[in-house]
Amino acid sequence: MTQTLTILGLESSCDDTAAAVVRQTGDAPAEVLSSVVFGQTELHSAYGGVVPEIAARAHAGKLDICVIEALKEAGVTLKDLDAVAVTAGPGLIGGVMSGVMCAKGIAAATGLPLIGVNHLAGHALTPRLTDGIAFPYLMLLVSGGHCQYLIVRGPEDFTRLGGTIDDAPGEAFDKTARLLGLPQPGGPSVQAEAENGDPKRFRFPRPLLDRPDCNLSFSGLKTALMRMRDQIVAEKGGLTRQDRADLCAGFQAAVVDTLAEKTRRALRLYLDENPASPTVAVAGGVAANTAIRAALQDVCAEAGATFTAPPLRLCTDNAAMIAYAGLERFRSGARDGLDLTARPRWPLDQSSPALLGSGKKGAKA
């Protein structure tokens, strides 16, 4: 008999409170029955970034409402579910704890199985939810807090080829926006300004292109932009609108060129394994950047690989990806107890050396 699985997912790792219901029957394409996201942009706008304590309190106040709306939108009740999946890390610990405790409460009250999901696995498996692509595929996970190249061989089988050794691209976009007085989140703001700018006016560095590996760095790029801004201000007494647009265009061009070249290198390593259907996927919030998507698509076309990217609404944090990643774990027999813990750090590739160092809380990436 063909099995139908219906999973409720919860996501609260940063500043988006989300709940979703995903259903899949056998090997048929998975269906997102509902996806509800409550953002917190207004709560943090005065601070130039996400304030963890404010985010955690907002999650605690919105998660139950999110769940109710997601169930209603999907046309199901708790009795129709097979399991509840929740982001158990990595992320801001207060937010992750809010989601885990909510999911535990639902599991304890209903008897539903509990599935803890790595937030990064949610992003990495999104192309299977949206496009049903087969393992193995090459994934560029590029977001506000993470950036890494992964060969995805299974729901819990990830090999990291490289990643950022400092800032993630999304963090660099946010910092650039703050330096130029643009609103948060920085990615959309910088992209919008860059559309009216000249990317060749200011020449920014392309970090680590002199190294043959797949690692990346974006901290120095942000610093270079700050110095260029200060130089213009010192010479002219301020920035014109065109200055700002040109700075954004130059910065974005540097990010695009760096990601394109490092993707070529990661793609060569992936193709050495002779995958039956070479596929490159991109996911995470920065994957919504149209210039980055276009460059990656060109790189894939050069190598004869298929390129895929999720719809924009599934690039940023959402619970549909968590529900689907939980569904994949559930189908493979994974279950978690009510002792599931929230983890601020949780690398996908447990065997590779840490890129960003380790501490009492474990490796960052």
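Every read-out reported here was derived from the displayed coordinates using simple, explicitly stated rules and does not represent laboratory data. These figures come from a predicted structure and were not determined experimentally. FYI the Cβ positions are ideal-geometry reconstructions off the backbone, even for glycines, and counts take in every protein chain you see.
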Mean Cβ-within-10 Å packing, highest first, puts peptides 5-11, 287-293, 89-95 in the order 5-11, 89-95, 287-293
Top mean-square fluctuation among 244, 206, 313, Gaussian network model of the chain, C-alpha springs under 10 Å? 313
Using the Cα centre of the chain as the reference point, and only Cβ charges (+1 on K/R, -1 on D/E), how large is the resulting charge dipole? Debye, rounded to the nearest 20. 600
Under a crude label model (7 Å from the Cα following the beta-carbon direction), how far is residue 268 from residue 242 in nanometres? 4.1
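Shape of segment 317-357 from its Cα gyration tensor (a ≥ b ≥ c, root eigenvalues): rounded if a/c is under 1.5, otherwise prolate when a/b > b/c, or oblate?
On the way: a/c = 1.76, a/b = 1.59, b/c = 1.10.
Cα axes put segment 317-357 in the prolate bin.
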Once you sort the root eigenvalues of the Cα gyration tensor of segment 127-221 as a ≥ b ≥ c, which label holds: rounded (a/c under 1.5), prolate (a/b larger than b/c) or oblate (the other case)? prolate
Length gain on complete extension for the stretch residue 80 to residue 57, per 0.36 nm per residue less the alpha carbon to alpha carbon distance? 5.3 nm
Checked segment 201-255 against the a/c 1.5 cut and the a/b vs b/c comparison, axes a ≥ b ≥ c from its Cα gyration tensor; verdict prolate
Can you count the Lys pairs in the chain whose Cα atoms are under 26 Å apart, with each pair 8 or more apart or on different chains? 21
Cα centroid separation - segment 298-351 against segment 1-65, whole Å: 14
